[in-house]
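Structure first, then comments.
The values are calculated or read from the model by the stated rules, or taken from the named source; none is laboratory data. Keep in mind that what you see is a predicted model, and the values were worked out from it rather than measured. Cβ placement follows ideal geometry from the backbone for every residue including glycine, while neighbour counts extend to all protein chains displayed. These accessible areas exclude ligands, DNA and RNA; they are computed on the full protein's heavy atoms, side chains included. Shrake-Rupley method; radii C 1.70, N 1.55, O 1.52, S 1.80 Å.
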Amino acid sequence: MATATALKKKMVRINGCVAAAQAAKYADVDVIAAYPIRPYTATMMALAQMVANGELDAEYIVADSEHSQLSISHGASSSGARVFTGSSGVGVQFAYELYSPISGSRMPVQMMIADRTLDPPGDFGSEHTDALSTRDMGWIMGWSCDAQEAFDNHLIAYRIGEDPRVLLPQMVCQDGFFVSHITGDVELPDSGQVKEFLPPYKHPYPLDPRHPVSHGPQIMPEQGPPLQLERARAMEGSMAVIEEVHEEFGKIFGRHYDPWIEEFMTEDAEVVFFLQGAHAVTAKFAIQHMRDKGLKVGLVRLRTIRPYPTERVRESLSKFKVVGVIETNMGLGSVSSGGVLYAEVCAALYEADKRPLVLSFMAGMGGEAIVLKEFYWMTEKMQAVQKSGKIEKRTHWVGFEE
Amino acid sequence: MSYTELTVWTRGIIMDKEGRDIVNSVSASARLEGKYAQAMENYVDNPDRTNCPTRKYCRMSDSILENELTYENEHPNIVVLVEGTMVKGWDYMRGMPPGGTLVINTHYTPDYMIRFVPGPERLSQLVCVDAAKLADHKWLYYRLGELGLDRLSTEGAAERNKLIAPDIAAPLIAAVIKTTGIVKMETIEPMIANKHAFEMALKELHIMKLSPVAA
C-alpha cells in the first residue's frame, strides 16, 4: 500500500496529536484501529481525514472499545500489516488484557498514547499513570517532550519494534495537552528520507493461508518459561538496536537524540531534576533563571523507560548530590508512597559507588502545569537536603506544603 | 507591549470556529512579524456542548514564551466576547491588568453595555461592533451541516471550511486590531476571508474611551 511518496521536506505548525498522525502517514501504515477518547482523539481524526482525502491508503477500522482496538491490532499485525493504534487514560486501561499477548506473540504494533489522568473523577489532564501502569508488559516505551520529538519517536519506534532482532510492540507516549494540544514547529521530512530509514514491514511468520503457521496456541506449563525467557531476552536485546536506530535516524534526518537520557546544564550541577516528558520544557526555563542566580541545578530527562537504561541512569545520576524525581504519576502505596519513578531511580543507583540523595516530587498531578515558581520551590527542597546531608521527608506533594 | 494575552469567550460548537479563527489569525500574524506567539483553546472547556461558554487564547511576546504549557491566560489584556449576551453571567474580566480592552459583538452601544461589565474600571476602552450584522446574519444557518459534525465534540477536526474568518470573526478581528494595534493591519488582513465585513467593521466601531485605575 504505497502512499506517502514524493512528499517534500517542509516546516509546519502542528500539535502533538497531528504530529503522531503525520508520522503514521509517513510510516505508510496498513491498518489503523481507532476508538475516541480525549486527548488522543485528534490523532485519529487527522488520520481519518488523510484516508478520506486519499493521502493515505490504509484500512481504517473504528472499534467498539479500546479492548477491540488492540484485538484488531493484534490480528492485523499477525497477518503482516503495519498497525497504528492509540488511546488515553482509562482507554489504555480498558485494553490491558491485550498488552501481554501482543508482546508475547512478538507483534510490533504501535500505540500512540496521549496521557490522561485515570478516574476518579474524570480529569482530562496529563498524568503518566495510564501508560506507566502497563510498563512491564513487554512494550518498548518512552515519552516525547514536544511535537517534533513525538513525530520522530513514532518513526524511530516502528524501526526498532519491527527489527527482526526485536519484534516488540511500542507505546509512543506524549503528555496530554502539553504535547498533544500545544502547537509547535515541526519539520516533516522528505518521503525519501523515511523510505531510507524505515523499510517496509515484513513479519517473518505472518498468518498466511498459503503457508500455515500457528499463533498463540494453548501451551503446557513447561512451554511457558522458554517463551517468557525469549520475550525477556528480546526486551534486553533491543537496547543495542535502539542505540543503532537512533544513530541512523540522526544521520538521515539531522536530529540527534540520545535514546536514553537527555541532560541539560548538568556539567557542574549539584542538584538535578529527573523527569519524563513535556514538563522538561518549563524545567529548562526555570533552570536557566536559577543558573543566572548562580545555583548549580540541572535536568536529566528520561527518554526511554522500557527497556530501562539502568547503567546510563546510574552513570548519570551518581555524579550529583541530590536528585529530585518529578513523578507526574501515581504509585499508591509504592516505595516512596509517591510515584513509581522513584523506585526505578533508586534501584538503578543501588550499586553505584557514590549515591545521591533522592527526593520524590508529586508535581503536575491531574495535568496541572508545573510553573516556574514550583521548580524554584523544589530546588529549595533539594538544596536543604544537600546542606543537611539527610532526607527528613522523602516525598513532597508540590503545592500542598510550605 | 512586550507580552500580551488575548482571551476570546465564545459559545460551544455553534461559534467555536469563530473563536478559533480570532486567536489563530492573530497568533499567526504575530509570528509573521517576528514575535513569539501561541494560540490554543481552553483544554478543560474543550469537550464543549452547544452554547456552553468556551475560551480560546492567544499569547504573544518579544521574547520566548516561558508559560507555553500553562492552560489558561491568567492576565488577559484583551478580551473578546463573540456573542453579546455573554456580557452577563461570568467574570471574563478576571485577572485583567489595568488598561485592558473589551470587545463585544453586539448591536448595543458601549454606554448601554458597560453596566453589565464586571470590573469595568480596569478598562481603557470598551469596543462594541455589530459583527453579526456586518458579516452575514445567516452565518449560522449555512453552517448547519458542519455544525452537526462539530456536535460530536470533534474540537474542530471535522471542519470542512478551510477559510479563516468567513463570518462574524472578521469584524471582531478588525475591532481588536484597530483598537489595540497588537499586530499590523497589513499582516492580518490578507488572511481574512470575509474582507467586506472586515473593512466595514473598521468604519463602524463604537469605542468608549475610559480611564483605567488599578484593580
- Message: Quick check on the range B:70-93: of everything there that is closer than 24 Å to A:Phe178 by Cα and open to solvent by 10 Å² or more (accessible area, probe 1.4 Å), which residue is farthest from the other protein chains (Cβ to nearest Cβ)?
- Response: B:Asn77
- Query: Going by the conditions given, is A:Leu317 within 17 Å of the chain's Cα centre (by Cα) and open to solvent by less than 10 Å² (accessible area, probe 1.4 Å)?
  - Reply: no
- Query: Of all the residues that make up the range A:25-62, how many are open to solvent by 30 Å² or more (accessible area, probe 1.4 Å), assigned to a loop (DSSP other than H, G, I, E, B) and within 25 Å of A:Asp115 (Cβ to Cβ)?
  - Reply: 2
- Message: Given the condition within 12 Å of chain A (Cβ to nearest Cβ), polar (S, T, N, Q) and more than 15 Å from A:Thr183 (Cβ to Cβ), answer yes or no: does some residue in the range B:48-66 qualify?
- Response: yes
- Task: Filter the range A:366-400 for residues that are more than 14 Å from chain B (Cβ to nearest Cβ), open to solvent by less than 50 Å² (accessible area, probe 1.4 Å) and within 22 Å of B:Thr70 (Cα to Cα) and give the result.
- Result: A:Trp377, A:Met378, A:Thr379, A:His396, A:Val398
- Item | Residues located in the range B:194-203, provided they are within 18 Å of the chain's Cα centre (by Cα) and surrounded by fewer than 17 Cβ atoms within 10 Å (Cβ to Cβ) | B:Lys195, B:Glu199, B:Leu202
- Message: I need the helices (runs of 4 or more DSSP H) fully contained in the range B:110-150, keeping only those with at least 1 residues that are at pLDDT 90 or above and closer than 20 Å to B:Pro166 by Cα.
- Response: B:131-135
- Which of the residues spanning the range A:63-91 are of a type in the set (Ser, Thr, Tyr), assigned to a helix (DSSP H, G or I) and surrounded by fewer than 24 Cβ atoms within 10 Å (Cβ to Cβ)? A:Ser68, A:Ser71, A:Ser78
- Given the conditions (1) touching a Gly at 6+ places or on another chain (Cβ under 6 Å); (2) open to solvent by less than 10 Å² (accessible area, probe 1.4 Å), report the number of the one that A:Asp123 does not fulfil. (2)
- Task: Check A:Gly333, A:Gly324, A:Gly277, A:Gly338 and return the single one that is free of Cβ contacts under 8 Å to residues at least 12 places away in the same chain and of a type outside the set (S, T, N, Q).
- Result: A:Gly333
- Okay, helices (runs of 4 or more DSSP H) sitting entirely in the range A:92-197 with 2 or more residues that are modelled with pLDDT of 95 or more and closer than 21 Å to A:Ser68 by Cβ, I get A:96-104, A:129-132
- Note on the structure: Of the residues in the range B:24-60, those that are free of Cβ contacts under 8 Å to residues at least 40 places away in the same chain, open to solvent by less than 40 Å² (accessible area, probe 1.4 Å) and in contact with an Asp or Glu (Cβ under 8 Å, 6 or more places away or on another chain) number 2
- Being small (Gly, Ala, Ser) and closer than 12 Å to A:Arg159 by Cα is the filter here, so list the residues in the range A:230-259 that pass it. A:Ser238
- Query: Do we have any residue at all in the range A:227-245 that's part of a helix (DSSP H, G or I) and in the same structural domain as A:Val358 (by TED's automatic domain parsing)?
  - Reply: no
- Item | Members of the range A:104-116 found to be under 15 Å from A:Val92 (Cβ atoms) and open to solvent by less than 10 Å² (accessible area, probe 1.4 Å), listed by number | A:Val109, A:Gln110, A:Met111, A:Met112, A:Ile113, A:Ala114, A:Asp115
- Which of the following residues is on the phi < 0 side of the Ramachandran plot and either among the β-branched types (Val, Ile, Thr) or touching a strand residue (DSSP E or B) at 6+ places or on another chain (Cβ under 7 Å) (or both): A:Glu55, A:Glu59? A:Glu59
- Among the residues of the range A:271-317, which ones are basic (Lys, Arg) and in a strand (DSSP E or B)? A:Arg301, A:Arg306
- Query: Say we look at the range A:8-40 and pick out the residues that are in contact with a Lys or Arg (Cβ under 9 Å, 6 or more places away or on another chain) and within 14 Å of chain B (Cβ to nearest Cβ); which of these is farthest from A:Gly125 (Cα to Cα)?
  - Reply: A:Arg13
- Go through the range B:17-34 residue by residue and tally those that are away from chain A (no Cβ under 14 Å) and of a type in the set (D, E, K, R). 4
